[in-house]
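Shown next, in structure tokens, is the structure this report addresses.
The values are calculated or read from the model by the stated rules, or taken from the named source; none is laboratory data. Remember, predicted model here, so these are calculated numbers, not experimental data. Here the Cβ positions follow ideal geometry from the backbone for every residue, glycine too, while neighbour counts run over all protein chains shown.
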Amino acid sequence: DTAVSQTPKYLVTQMGNDKSIKCEQNLGHDTMYWYKQDSKKFLKIMFSYNNKELIINETVPNRFSPKSPDKAHLNLHINSLELGDSAVYFCASSQQWDRVRGYTFGSGTRLTVV
Amino acid sequence: SQQGEEDPQALSIQEGENATMNCSYKTSINNLQWYRQNSGRGLVHLILIRSNEREKHSGRLRVTLDTSKKSSSLLITASRAADTASYFCATDVDSSYKLIFGSGTRLLVRP
């Protein structure tokens, strides 16, 4: 069973479109994250949710809106896509009282805006 | 701003040799973690070292932490071709619900 699963794996879309990426974890973790990895492999946190509450919003444009319907899911909706949004987006989860195990990452969604 | 800087940016070694990667960071930390990323895949947690620890081992991995110099190193002994990947350090700062990642080291282990 995949611990953190993201869909879709690949997403190619035109500028101006709206798209969503879904993430689900079956680890029972209480915290979920979205990270963006650019073409230089630089990983930057975008959002963090703890028990469905938004904890971190790292100066991400308003066009990006996360939504956590329950502890196991964290989706990312992006409006009016721009060329600069092209990147790999990673979902991750962790258990705050068990930080020793670190984060568990999904396999990523490669977004290409044309 | 980026918390961690890693060096070298890229490292190429022969199978069987040891690989050492270094990470420097800027602020006080709770712990420092190392992750591996294979090409086209997500990151995999390797090892965590707490701020009050100086050295930790896990299999062929050895991590050191020097909080006075704000630096850490990851040593992979007896490397294998399967160790080829990018390696990232990440700092856990003030229980802030986020890990801040370094810039990564690309390791190539030649068979």
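Laid out as a table, the results:
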{"item": "Number of the exception - A:TRP97 against (1) within 14 Å of another protein chain (Cβ to nearest Cβ); (2) in contact with a strand residue (DSSP E or B) (Cβ under 9 Å, 6 or more places away or on another chain)", "result": "(2)"}
{"item": "Selected residue [surrounded by 13 or more Cβ atoms within 10 Å (Cβ to Cβ) and under 27 Å from B:GLY40 (Cβ atoms)] from A:LEU43, A:LEU83", "result": "A:LEU43"}
{"item": "Unique match (being touching a residue at least 24 places away in the same chain (Cβ under 8 Å), within 22 Å of A:TRP97 (Cβ to Cβ) and either away from chain B (no Cβ under 11 Å) or not aromatic (Phe, Trp, Tyr) (or both)) among A:LEU76, A:LEU27", "result": "A:LEU27"}
{"item": "Selection status of A:LEU76, more than 16 Å from A:ILE45 (Cβ to Cβ), modelled with pLDDT of 95 or more and buried (at least 19 other Cβ atoms within 10 Å of the Cβ)", "result": "no"}
{"item": "Failed item, numbered, when A:ILE45 is tested on (1) within 14 Å of chain B (Cβ to nearest Cβ); (2) farther than 24 Å from B:THR91 by Cβ", "result": "(2)"}
{"item": "Search result, residues across the stretch B:19-77 that are under 27 Å from A:LYS36 (Cβ atoms), within 13 Å of chain A (Cβ to nearest Cβ) and among the basic types (Lys, Arg)", "result": "B:ARG36, B:ARG41"}
{"item": "Some residue of the stretch A:58-70 being within 13 Å of chain B (Cβ to nearest Cβ), surrounded by 14 or more Cβ atoms within 10 Å (Cβ to Cβ), farther than 24 Å from B:TYR87 by Cβ and polar (S, T, N, Q)", "result": "no"}
{"item": "Strands (runs of 3 or more DSSP E) lying entirely in the stretch B:17-104 (those with 3 or more residues that are surrounded by 14 or more Cβ atoms within 10 Å (Cβ to Cβ))", "result": "B:19-24, B:31-37, B:43-50, B:61-66, B:71-76, B:85-92, B:99-101"}
{"item": "Among the residues listed as A:VAL100, A:VAL60, A:VAL88, the single one being β-branched (Val, Ile, Thr) and at pLDDT 95 or above", "result": "A:VAL88"}
{"item": "Subset of the stretch A:11-42 (residues that are over 17 Å from B:ALA90 (Cα atoms) and outside any strand (DSSP E or B))", "result": "A:GLN14, A:MET15, A:GLY16, A:ASN17, A:ASP18, A:ASN26, A:LEU27, A:GLY28, A:HIS29, A:ASP30, A:SER39"}
{"item": "Failed item, numbered, when A:LYS52 is tested on (1) within 11 Å of chain B (Cβ to nearest Cβ); (2) more than 24 Å from B:PHE101 (Cβ to Cβ)", "result": "(1)"}
{"item": "Selection from the stretch A:43-55 of residues that are in a strand (DSSP E or B), more than 11 Å from the chain's Cα centre (by Cα) and farther than 27 Å from B:THR105 by Cα", "result": "A:ASN50, A:GLU53, A:LEU54, A:ILE55"}
